[in-house]
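These notes are about the structure you will find just below.
The values are calculated or read from the model by the stated rules, or taken from the named source; none is laboratory data. Being a predicted model, the structure only gives us computed values, none of them experimental. When we count neighbours, we look across all protein chains shown, and the Cβ atoms used for this are built from the backbone with ideal geometry, even at glycine.
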Amino acid sequence: MQYETQEFRAEAKFQRVSPQKAKLVLDLIKGRRVEDALQTVAFTKKRVAPLVEKVLRSALENANYLSEERGLDLDVDNLYVKTAVANEGPRLKRIRPAPMGRAFRYQRRISMILISVAEKKRSALARTVEAETEAEAKTKQKPAAGKSAAKKSPAKSAAVKTPAAKKKTAAKKTAK
C-alpha cells in the first residue's frame, strides 16, 4: 500500500512587501525540516522574516489541528517545508512629485505568501536512515594489513637516501 502524504498550508494575503524580497527569505527555508526552518527565520535579518515565521507557525498549527480533527497519524517532527512561494498581488499605483511641476509614477508591490508543510514519506525516511548507517559502517572499516603492506614497493623504500649518501654517489660519478 502506498503511503499518502497530507499537505497542510497557510497563506498571508496582501502583504506590503515585494515578492522579490519575500522570496529571499522563503528560499532559505524551502525543503528544510520545520524546526530548522523556524530557527533559520528567527535569525534572519530581513524585515519580512517575522511575517514568514508567523505564516510557518500557522501552517504548523493547521497541521496539528487538522490531523487531530481527521484522526490522522501525524508526526510533527517529520514535517518539512514542501513549498514556500511569494506570488504577486495587485500593485498600488502612486505618484511622486518631480521637478518643474511634473510627476513620476511608481508602484508599490504587494505579495501573497504561501507556505505548505508535509510529512516526509515513511519509506523515504527509512531509506535515508539506512543510507546513513551504511555510510557510517564504511567509514569505520579499516583496510587489511596485508593489502597496505603489498602496496608499498621495496624499490621506493630503498630509493630514499640520506644527504650524505647522495654526496658519496655524486663523488663516485665525478671520479670516473
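State whether the residues of region 34-51 include one that is more than 19 Å from the chain's Cα centre (by Cα) and part of a helix (DSSP H, G or I).
Of all residues in region 34-51, those more than 19 Å from the chain's Cα centre (by Cα) come to 47-48, 50-51.
Subset that is part of a helix (DSSP H, G or I): 50-51.
The answer is yes; a qualifying residue exists.
Taking the condition of being buried (at least 18 other Cβ atoms within 10 Å of the Cβ) and touching an Asp or Glu at 6+ places or on another chain (Cβ under 8 Å), how many residues in region 39-62 meet it?
So the count comes out to 2.
Only one of (1) at pLDDT below 95; (2) closer than 14 Å to Glu11 by Cβ fails for Lys54. Which number is that?
Condition (1) is where Lys54 drops out.
Restricting to region 66-99, what's the tally of residues that are farther than 21 Å from Ser18 by Cα, surrounded by fewer than 16 Cβ atoms within 10 Å (Cβ to Cβ) and at pLDDT 95 or above?
Total satisfying the criteria: 3.
Mind listing whichever residues of region 47-89 are without any contact (Cβ under 8 Å) to a residue 24 or more places away in the chain and either farther than 15 Å from Glu7 by Cα or among the polar types (S, T, N, Q) (or both)?
The answer is Pro50, Glu53, Asn64.
Kindly indicate whether any position in region 104-113 is hydrophobic (A, V, I, L, M, F, W, C), in contact with a strand residue (DSSP E or B) (Cβ under 7 Å, 6 or more places away or on another chain) and farther than 20 Å from Val25 by Cβ.
Yes, because at least one residue in region 104-113 is hydrophobic (A, V, I, L, M, F, W, C), in contact with a strand residue (DSSP E or B) (Cβ under 7 Å, 6 or more places away or on another chain) and farther than 20 Å from Val25 by Cβ.
Answer yes or no: is there a residue in region 10-25 that is exposed (fewer than 11 other Cβ atoms within 10 Å of the Cβ), closer than 21 Å to Ala118 by Cα and either touching a residue at least 60 places away in the same chain (Cβ under 8 Å) or of a type in the set (S, T, N, Q) (or both). Walk me through how you get there before you give the answer.
Narrowing region 10-25 to residues exposed (fewer than 11 other Cβ atoms within 10 Å of the Cβ): 14.
Now narrow it down to the ones that are closer than 21 Å to Ala118 by Cα: none.
No: region 10-25 contains no residue that is exposed (fewer than 11 other Cβ atoms within 10 Å of the Cβ), closer than 21 Å to Ala118 by Cα and either touching a residue at least 60 places away in the same chain (Cβ under 8 Å) or of a type in the set (S, T, N, Q) (or both).
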